[in-house]
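Read the structure below first, then the notes.
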Amino acid sequence: MNPQFETISAANSYFAFKDNISNVASFLKLDTVIDFTVLSKFYNNILNNPKSSFGKHFWKKFAIQNQNIKKFKGKTINYKFKIVLKRVKEMKRITSVSKWYFEPNCEKCNKRCCPDEILPWQLNDNGNHYCNCEFVKCITKRDFLASKYKNKIKKLNRRREYLIKQLDENYIKTDDAFRQKEEFDNMPSFKSLIPILKNLKKNARYKSTRSQSQRLYLEVKRLYQQENNERPNMNYKAPPDNKDDDDLGLNLNFSDTEDDYF
Ligand SMILES: [Zn+2]
């Protein structure tokens, strides 16, 4: 049964809300719904009136659509209670701390304590190791968790900064490697320098240039030889019984065979 209204406008807003109750219920936050600050005292009274079918309908819709509470078959189900029950369970889960981690120091006696649950080693402490104050003064589990999460975020942020720095360094090194590779890829074989050195060592105007060219020519020739897969081994030792073989000096001097390579 609908309530009586003194003005048409009050009736209109009531029915506008009532007609859209399913949609409204889907979007409101639980904190808003619990004390209904968003609504007038009038609606608050209706929704909190245990005999109001409108209120009952609202809580049911809100519980199922917004709070993921399953639909019960029984008609005596109090969905508002189900919502609060679920909320309490969630809050207990979020604020719980294992007894293995929560043994703060009592500010009165400066000994470890655990006022919220029985720990056998504290209860049966004969050595006066743990706090035995009737009323302790220490951080709460909420304080403990607040600082734990704050520190965790701080630690992760520091780690992230370190990783970003490493990533930056990695980018710089990768750029360097690309630059080196490009420089290398664009470098021709030593073979390409040989004709010009050959010409210089024979035809340069001054003797000093010719002799320098000769030395450079030999060096470039050796470097070119190193670019071949099959090449002389500088560490080759001739077999001991082969003393007549004067190949020990290796083929560093290519003057006899220089033309074989081109
Ligand atoms: Zn104490």
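The values are calculated or read from the model by the stated rules, or taken from the named source; none is laboratory data. Because the structure is a prediction, the values reported are computed rather than measured. Neighbour counts run over all protein chains shown; Cβ positions are idealised from the backbone, glycine included.
Data table
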| read-out | value |
| --- | --- |
| Qualifying positions in the range 68-88 - over 22 Å from ILE46 (Cα atoms) and outside any loop (DSSP other than H, G, I, E, B) | LYS86, ARG87, VAL88 |
| Flag if GLY74 is of a type outside the set (Phe, Trp, Tyr), away from the ligand (no atom under 14 Å from the Cβ) and not assigned by TED's automatic domain parsing to the domain that holds ASN49 | no |
| Set LEU197, LEU163, LEU193, LEU156: member being surrounded by 10 or more Cβ atoms within 10 Å (Cβ to Cβ) and in contact with a Ser or Thr (Cβ under 7 Å, 6 or more places away or on another chain) | LEU197 |
| Exclusive hit being closer than 30 Å to LEU30 by Cβ, surrounded by 11 or more Cβ atoms within 10 Å (Cβ to Cβ), away from the ligand (no atom under 16 Å from the Cβ) and more than 28 Å from the chain's Cα centre (by Cα), set LYS86, LYS141 | LYS86 |
| Filter result for TRP121 (free of Cβ contacts under 8 Å to residues at least 40 places away in the same chain, within 30 Å of GLU134 (Cβ to Cβ) and either more than 16 Å from the ligand (Cβ to nearest atom) or in contact with a strand residue (DSSP E or B) (Cβ under 9 Å, 6 or more places away or on another chain) (or both)) | yes |
| Pairs where the first residue, in the range 104-118, is over 14 Å from ASN132 (Cβ atoms) and within 8 Å of the ligand (Cβ to nearest atom) and the second is of a type in the set (D, E, K, R) and at pLDDT 95 or above, C-beta under 6 Å, 6+ apart | GLU107/LYS137 |
| All helices (runs of 4 or more DSSP H) inside the range 1-40 with 2 or more residues being among the charged types (D, E, K, R) and modelled with pLDDT of 75 or more | 8-19 |
| Single condition PRO50 does not satisfy, out of (1) touching a Leu at 6+ places or on another chain (Cβ under 7 Å); (2) closer than 30 Å to THR7 by Cβ; (3) not β-branched (Val, Ile, Thr) | (1) |
